[in-house]
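The values are calculated or read from the model by the stated rules, or taken from the named source; none is laboratory data. Note that the structure is predicted; figures quoted are calculated from it, not measured. No Cβ is skipped: glycine too gets one built from the backbone with ideal geometry, and neighbour counts run over all protein chains shown. SASA here: full protein model, heavy atoms, side chains in, ligands and nucleic acids out. Shrake-Rupley method; radii C 1.70, N 1.55, O 1.52, S 1.80 Å.
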Amino acid sequence: MAGNQVHYEVYLKKGPKAGWALVEALDDRKKALDMGKGLLEESEKYSVRVTKETFKADGDFLTITLFEQGYASDGKDEDEDKEVEIPCFKTSDLYSIHARATIAKALEGALSRWMITPSELMHSPEWVEKLELAGTELQHAVQKVSIIQSGERGDSVQKVVKKLNELVFAAIEQVHADGNRGVLGKSAKGDIVAFATKVAAKGDAGYRLRGAVAEDLKSVSGWSKKLAAALDMLSALPEDEAVRTLCLEAVDDFAAEILSSPAKTKDLFGPDGDLGDWLTLMIETFLGAAHNMETAPKGVRVLSGHFAKDRLPCTRTALGERILQELMHGVRLREADLRAEVKLVRKLASRIILGQGPHLSVDQIQEAFTRRSRRFVTPEAITEYGEDAQTPIERICLLFDMEENIVGTENRRALSGFIMPLVSAANTETYILELKESSVRKLQRVAQMQKRADESNFPPDQKRALKDAFDLLAVKVEERLGLLQAIERQPLTTAERTLALLRLVARGVLTEGECAMRAKRIAAKLMRDPAFMEGFVKGGANAGDPKAMLMELKSLMSATGLNRFGVADGAQGEKPKAKTVN
């Protein structure tokens with residue numbers, strides 16, 4: 001049964017009436033405590049709590065408070081009649097990028113059913129009216145936002161609801177009034193360039209143009225068609241820089257909102273395929289690689305062309321965030337083939353890193369792929385990944401393959417924990433001994449696996465532990481095979497036997513560590529034999545050219561670390577013991 005799993009949670013309370021809000025969950029105790037203490041320094045009104053959460057093997061959670069401190073009072077020490085504050089002070093604030101993102105979350109159900117974006121809703125009297133008639137949907141959205149705001153600021157929920165309702169209803173009235181005045185009219189024949197040219201000099205040109213775009217999109221159904229229709233409005237951009245910018249910014253808002261929701265993935269990127277196919281297409285789109293997207297839907301191809309010209313920054317940022325969200329989501333990229341999914345993750349990482357910059361940072365990319373990789377180093381995933389392996393060696397090599405494709409130091413550390421027991425298992429030693437191969441080939445197999453561990457990206461301590469485990473395995477196998485003793489007893493000259501032993505070390509037949517050291521100790525002993533140099537002078541039945549043998553000896557001594565006295569590093573004094581793996 002698996003052992004207990006532990007993580008640490010940091011909670012923050014902003015103000016005397018606020019509730020505890022989870023800030024972060026961490027695997028490191030010190031980092032969690034440091035974060036909590038750091039938050040206390042930001043405001044004298046904050047309170048912080050750090051807890052240790054242990055998921056026990058029996059399925060229960062055990063919570064222990066490690067640290068709790070703060071200055072926020074739970075008493076009634078604030079003026080009940082004070083004026084509450086909300087992020088948006090006037091109706092125009094509701095049209096900011098952050099406010100529209102909040103509206104998208106609060107009204108997600110209605111917007112998905114009607115297949116419209118927040119900007120379409122907020123620039124259309126018809127959609128606003130439909131929202132008003134949708135029963136309690138708007139009321140519930142206001143309440144959800146108010147609860148969050150009151151928790152962050154310590155204000156009364158009722159007062160925040162009242163304040164926010166006043167702002168929302170004022171905005172609704174404004175949209176209705178602007179619709180009646182013709183401010184939010186439809187552009188002539190869908191030509192937003194001509195419309196933008198007409199209104200460019202007006203103070204509310206951006207608002208008017210977005211209203212025209214919303215009206216033009218009203219008759220378009222389906223997210224893919226809607227994206228294509230919005231981008232078609234930019235097919236003939238004007239030379240005038242101001243009008244050009246006005247058009248690009250207006251369409252950028254709508255396209256960004258279309259790209260922002262996971263619910264739109266299948267419609268936007270094609271009905272066929274799985275999440276892996278869609279993510280591949282998303283990344284190629286983000287990179288502006290239109291040449292790799294011949295079969296992609298029209299809107300996506302056109303969008304990629306705009307990205308290649310460094311246009312539509314909000315849309316590109318939205319797509320980058322979508323890519324990260326999909327990577328961190330729990331849905332499989334390749335539902336029926338975990339090995340293919342692991343390889344795909346590596347491929348996607350190597351592609352998306354080319355797009356790092358203002359729209360997607362390296363840290364964001366690293367975090368997303370680390371979280372995705374975390375799903376591969378669970379007992380269930382490891383079992384599935386190696387279920388077709390027929391031998392212990394094949395299973396170990398498969399996990400080394402996984403290491404090359406996953407991201408994150410802690411994920412690699414976890415993976416090494418699955419490899420170590422396989423190396424130390426009795427059936428691995430038995431399998432190698434029973435192979436229908438020469439003793440040299442058997443030991444070479446172990447040495448090759450040790451080399452993979454050495455060339456891997458495992459954390460240094462885990463890499464060292466794996467190398468030691470393979471060395472111990474090689475020592476056990478060699479002891480059963482008796483290869484070194486057999487060479488030492490061969491009816492050859494001392495020089496020939498010395499060369500044979502050193503060749504095993506230099507050619508990577510023996511693992512680094514105790515196994516290679518045993519061969520070097522025997523070689524060092526032979527080199528101190530008075531008959532050693534006679535082999536280079538007199539030769540023997542199987543001896544080669546003495547001069548060539550001497551040159552080879554010098555080369556092998558240099559390669560294996562033997563000095564001119566025939567003493568290997570670590571060969572002097574007491575004979576080292578074989579290392580063990582805990």
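Structural remarks
- From the list Lys202, Lys226, Lys186, Lys218, the one residue that fits, being touching a residue at least 24 places away in the same chain (Cβ under 8 Å) and open to solvent by 70 Å² or more (accessible area, probe 1.4 Å), is Lys186.
- Among the residues of segment 509-533, those that are touching a strand residue (DSSP E or B) at 6+ places or on another chain (Cβ under 9 Å) and of a type in the set (Lys, Arg) comprise Lys520, Arg521.
- Residue match in segment 341-356 (condition: over 16 Å from the mean Cα position of the chain (by Cα) and either assigned to a loop (DSSP other than H, G, I, E, B) or of a type in the set (D, E, K, R) (or both)): no
- Some residue of segment 115-129 being over 37 Å from the mean Cα position of the chain (by Cα), closer than 30 Å to Ser47 by Cα, assigned to a helix (DSSP H, G or I) and of a type outside the set (Asp, Glu): no
- Looking only at segment 495-538, residues that are on the phi > 0 side of the Ramachandran plot and without any contact (Cβ under 8 Å) to a residue 60 or more places away in the chain come to 0 in all.
- In segment 239-260, the residue that is farthest from Met282 (Cα to Cα) out of those that are open to solvent by less than 20 Å² (accessible area, probe 1.4 Å) and without any contact (Cβ under 8 Å) to a residue 60 or more places away in the chain is Val243.
- Candidates in segment 268-309 are the residues that are modelled with pLDDT under 85 and of a type in the set (D, E, K, R); of these, the one that is farthest from Asp232 (Cα to Cα) is Asp272.
- Where Lys225 falls short, out of the listed (1) at pLDDT 90 or above; (2) closer than 26 Å to Leu138 by Cβ: (2)
- Top-ranked residue in segment 21-36 [being surrounded by 13 or more Cβ atoms within 10 Å (Cβ to Cβ) and charged (D, E, K, R); ranked as farthest from Arg374 (Cα to Cα)]: Asp34
- Restricted to strands (runs of 3 or more DSSP E) entirely inside segment 1-112, those with at least 3 residues that are modelled with pLDDT under 80 and either among the hydrophobic types (A, V, I, L, M, F, W, C) or out of contact with any strand residue (DSSP E or B) (no Cβ under 8 Å at 6 or more places or on another chain) (or both) are 61-70.
- Within segment 323-335, considering residues that are assigned to a helix (DSSP H, G or I) and touching a Leu at 6+ places or on another chain (Cβ under 8 Å), the one nearest to Leu227 (Cα to Cα): Ile323
- Residues (of a type in the set (A, V, I, L, M), surrounded by fewer than 19 Cβ atoms within 10 Å (Cβ to Cβ) and under 15 Å from Lys144 (Cα atoms)) located in segment 100-128: Ala101, Ala104, Ala110
- Count of residues meeting criterion [hydrophobic (A, V, I, L, M, F, W, C), open to solvent by 30 Å² or more (accessible area, probe 1.4 Å) and more than 16 Å from the chain's Cα centre (by Cα)] in segment 299-340: 5
- Glu166 free of Cβ contacts under 8 Å to residues at least 40 places away in the same chain and surrounded by fewer than 18 Cβ atoms within 10 Å (Cβ to Cβ): yes
- Matching residues in segment 295-322 - criterion: being of a type in the set (Lys, Arg) and assigned to a helix (DSSP H, G or I): Lys298, Arg301, Arg316, Arg322
- Consider segment 363-373 and keep the residues that are touching a residue at least 40 places away in the same chain (Cβ under 8 Å) and within 17 Å of Gly276 (Cα to Cα). The one that is most open to solvent (accessible area, probe 1.4 Å) is Arg371.
- Qualifying residue in segment 342-359 (condition: among the β-branched types (Val, Ile, Thr) and open to solvent by 40 Å² or more (accessible area, probe 1.4 Å)): yes
- Which numbered condition Asp529 misses (of (1) more than 18 Å from Met420 (Cα to Cα); (2) assigned to a helix (DSSP H, G or I); (3) of a type outside the set (A, V, I, L, M)): (2)
- Residues satisfying the stated conditions in segment 207-251, i.e. touching a Gly at 6+ places or on another chain (Cβ under 8 Å) and closer than 15 Å to Gly185 by Cβ: Gly211, Ala212, Glu215, Asp216, Ala250
- Being within 31 Å of the chain's Cα centre (by Cα) and without any contact (Cβ under 8 Å) to a residue 40 or more places away in the chain is a property that Ser96 has.
- Test: residue in segment 286-293 that is open to solvent by 30 Å² or more (accessible area, probe 1.4 Å), within 19 Å of the chain's Cα centre (by Cα) and closer than 30 Å to Tyr385 by Cβ: yes
- The condition of being aromatic (Phe, Trp, Tyr), assigned to a helix (DSSP H, G or I) and open to solvent by 40 Å² or more (accessible area, probe 1.4 Å) does not hold for Phe195.
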